[in-house]
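The values are calculated or read from the model by the stated rules, or taken from the named source; none is laboratory data. This is a predicted model, so every value here is computed, not measured. Cβ coordinates were reconstructed from backbone atoms using ideal geometry, including for glycine residues, and neighbour counts include every protein chain displayed.
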């Protein structure tokens, strides 16, 4: 992105020079810069950086680039460009607001011959890069926060359940802002538990181990994406998933792996789903009572493609609204 002063104040032939503000991402390993950035650095008359501990400096100097530790004013930068010189400013983590604001004021005055101004991103964040920030923040909180430093897997378990329910509520309410926030809260639980697990003296693991495990699982259970299998419908995908999962887990019953502590309707629907997918004919227990009536309703809902938990929550919300209406 180039910017020159209004009214063509920069003089012909580039005699007013050029200022390049080089920005980098701390989420990308130092030294991994774009080709355009390396060209600008090698072609500059001077390279400046206000931060002598900037993580890029050792790699720039290793590449033969002389970097001056300096904090010039906007006017000093403009003066240094006189005669057609090119200056590269390696921006600090906070950017260079004093320089950019000062250069904007000089350009806006219309009285100063301005050099060509260029903002050059030297490295870009990859998708998911902010997850690195989350890991770093969690590390510091775990080390320095009196509450967080004492938490255990067992102590945090209830929060995982609460956050999952709040996520479901945000989805069902259709609130996009709330959905984004609740996804963050659920993600925090994953990172928090992973950070605690690093301290286990017997079987430690990290967030990288967690991520590696799910990556391996996803690739293995999607042979139609990463292998030679073919799937053209959601039903075929589900068959692949269940088949590979059965081989992976070596289960002897379709009921294995179903968490029995989940809400009752969800548990009944999950059991019915496993029975249906396995092609089994299993009659419902013949007994009387509300529980067995709810079981039959949950099985019927699953057979009709309805989530009984979601259906009951929707009905309960309608009941809540009716209560409020009576309350006035």
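Within segment 80-114, how many residues turn out to be closer than 28 Å to residue 53 by Cα and surrounded by 15 or more Cβ atoms within 10 Å (Cβ to Cβ)?
So the first thing to find is which residues in segment 80-114 are closer than 28 Å to residue 53 by Cα, and the list is 80-81, 85-104.
Those still in the list that are surrounded by 15 or more Cβ atoms within 10 Å (Cβ to Cβ) too: 80-81, 85-92, 96, 99-100, 102-103.
So the count comes out to 15.
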Residue 71 being farther than 16 Å from residue 114 by Cα, in a loop (DSSP other than H, G, I, E, B) and over 30 Å from the mean Cα position of the chain (by Cα): yes
Enumeration of residues in segment 280-315 that are surrounded by fewer than 10 Cβ atoms within 10 Å (Cβ to Cβ) and under 25 Å from residue 168 (Cα atoms): 304, 305
Residue satisfying all of: in segment 5-52; more than 37 Å from the chain's Cα centre (by Cα) and part of a helix (DSSP H, G or I); modelled with the highest pLDDT among these: 14
Conditions (1) under 20 Å from residue 45 (Cα atoms); (2) at pLDDT 95 or above: number failed by residue 70: (2)
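Being surrounded by 14 or more Cβ atoms within 10 Å (Cβ to Cβ) and either farther than 22 Å from residue 152 by Cα or touching a helix residue (DSSP H, G or I) at 6+ places or on another chain (Cβ under 6 Å) (or both) is the filter here; which residues of segment 206-225 pass it? Please lay out each step first, then the result.
Initially, segment 206-225 is screened for residues surrounded by 14 or more Cβ atoms within 10 Å (Cβ to Cβ), giving 207, 210-211, 220-224.
Listed by number, the residues that qualify are 207, 210, 220, 221, 222, 223, 224.
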